[in-house]
Amino acid sequence: MDMATKSVIIGGRTAKKPLLAALLGGFLFLSALLSIFGLTGVAYAVPISGVGEFTVQFNKLTGSGFKMYGGVAEAGNAPQTPVFVNEMEKATIQGLRISKDFPALGIRVIIAASEPVSIDGLVQKATQIDGNISFGSLTMKESYVGNTNNPVEKAAKEFTQGADSITIENGDIKTVYLFQQKVTLPGMKVYFEKLN
């Protein structure tokens, strides 16, 4: 008796109802989660990554305990994208607007805050930073990584930049990772825009 089975693929089809139900369920869960943040105004240990590049815009950011260094991160389809890693102990942001485009769905998701946002423990991996920036007590240094007695390893260097304070006006940052130890989002609003 022949127990072999054969699989024949006739054509592909997307089940629209389960797909729409899953998308709607995901958006409802995200809306409920963001609503909880909106009611309490505080979120702890909030990472945003793995969704590809998104945009962070604001009128003014003032921060303390700033440090910037180079790194690599996953950015959508590119697993090894060079990034600027920015860290701040504390930051206050006025006119915050975070947006992410989903071209396949034809929408842009926007999170905005109408009042100043307070952040503790900010870590951000950016591919592009635009704005008017000023620093207080800026230090820049280059240090060797690894065994500095080995001439081969001397080629690998680390560049860091640090400042006691930082102010960025009219900020427009393309980022692939965002983490806040604690964030307060008063006047938060989440909405969708249709892409042109």
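Please state which one of Ala45, Ala91 is within 26 Å of Gly162 (Cβ to Cβ), aliphatic (A, V, I, L, M), modelled with pLDDT of 65 or more and surrounded by 10 or more Cβ atoms within 10 Å (Cβ to Cβ). If you could, list the steps in order and put the result at the bottom.
Values: Ala45 fails: modelled with pLDDT of 65 or more.
Exactly one residue qualifies, and that residue is Ala91.
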- prompt: Does region 64-120 hold any residues that are within 26 Å of Gly187 (Cβ to Cβ) and not in a strand (DSSP E or B), and which are they?
  reply: Gly95, Leu96, Ser114, Glu115, Pro116
message: Filter region 85-111 down to the residues that are of a type outside the set (D, E, K, R) and touching a Phe, Trp or Tyr at 6+ places or on another chain (Cβ under 8 Å) and list them by number.
response: Val85, Asn86, Met88, Ile93, Gln94, Gly95, Leu96, Ile98, Ser99, Ile107, Val109, Ile110
- request: Could you check, for region 143-161, whether at least one of its residues is part of a strand (DSSP E or B), in contact with a Leu (Cβ under 9 Å, 6 or more places away or on another chain) and either at pLDDT 90 or above or among the polar types (S, T, N, Q) (or both)?
  value: yes
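The values are calculated or read from the model by the stated rules, or taken from the named source; none is laboratory data. Here the structure is a predicted model, which means the values were calculated and not measured. FYI the Cβ positions are ideal-geometry reconstructions off the backbone, even for glycines, and counts take in every protein chain you see.
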